[in-house]
Amino acid sequence: MKMKNVIIILVGVLLLFSPFDAQKINAEENEKTIVHAHSSFREIPRDEVVNALKNMRVAPRILLTDEAIESVRLKIETDPRWRGYYEAIKKDADNRMEISPVKYEVTGRRLLSVSREALKRIFEWSFMYRYTGEVKYAERVEQEVTAISDFSDWHPSHFLDVAEMAVAVAIGYDSCKERFSPDNRDKVREALRVKGVVES
């Protein structure tokens, strides 16, 4: 089943069976309009939306933001357990540096094991680059995501194979793209658009 069809079905089920409050509440305070779609959704002030739109081109945006890295840095520097986590991630990331990029190898009818290996590698190297500033990690991310971008497809016959590969490539691009060559930035963006969205 195509990914788009799955999304449509899930949205339909949510609309039919979730306890939505369809009330539209007009609030004059702070010139904002609040729509309560679900009781667990928080109200988002207009200023927060405007600031988010202004910062759309500031990267990274997905996970490894400057704020997230500094929060983790504080924990690593002050908590022995977090220091242990960091050292384990660094050791694993360093051990994987010399292995070849993942290859398009379907196991049974799935590419999922390749997608998950790519996600693990790229996330660790992206984190290490953002945390340490060492360019070698960003260069390894670039090598991995460009190899994945050259795949014939990301196995669109199964949505999870595509989804996890797209997440891996998106995290790597978002975290390290300033170190990519212009040609590779273009290649990775196009692969995300075509193989991660259009073909899925």
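The values are calculated or read from the model by the stated rules, or taken from the named source; none is laboratory data. Since the model is a prediction, treat every value here as computed from it, not as a measurement. Cβ coordinates were reconstructed from backbone atoms using ideal geometry, including for glycine residues, and neighbour counts include every protein chain displayed. The area values use the complete protein model at the heavy-atom level, side chains included, leaving out ligands, DNA and RNA. Shrake-Rupley method; radii C 1.70, N 1.55, O 1.52, S 1.80 Å.
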Among the Cα-Cα pairs of region 102-200, the proportion with separation greater than 16 Å, in percent, is 49
From phi via Karplus (6.51, -1.76, 1.60), per-residue ³J(HN,Hα) for region 150-160 in Hz, x at Gly/Pro: 7, 4, 5, 6, 10, 6, x, 5, 10, 4, 6
How about region 119-188: which GluC sites (Glu not before Pro) there are in a DSSP loop, with at most 14 other Cβ atoms within 10 Å of their Cβ? Glu134
Can you give the Rg to Rh ratio for region 43-152, taking only C-alpha atoms and Rh from Kirkwood? 1.06
Result for region 52-181: accessible area per residue, probe 1.4 angstrom, in square angstrom, of 54
Let's test the formula: R0 of 30 Å, r as the Cβ-Cβ distance of Ala68 and Ser181. What FRET efficiency results, to the nearest 0.05? 0.70
Mind listing the phi-derived Karplus ³J(HN,Hα) values for region 169-182, rounded to whole Hz, using 6.51, -1.76 and 1.60 with θ = phi - 60°, and x for any glycine or proline? 5, 5, 5, x, 5, 5, 7, 10, 4, 5, 9, 7, 5, x
Grab the beta carbon distance between Val50 and Arg189, set R0 = 25 Å, and tell me the FRET efficiency rounded to 0.05. 0.45
Need the full-extension length gain, Glu117 to Glu134, defined as separation in residues times 0.36 nm minus the C-alpha distance. One decimal, nm. 3.9 nm
Hey, which of these cross-link pairs are over 26 Å Cα-Cα: Lys136/Lys187; Lys75/Lys195; Lys75/Lys187; Lys103/Lys177; Lys54/Lys177? Lys75/Lys195; Lys75/Lys187
Candidate aspartates and glutamates for bridging to Lys91, where Cα separation is under 13 Å - those fewer than 8 sequence places away on the same chain excluded: Glu124
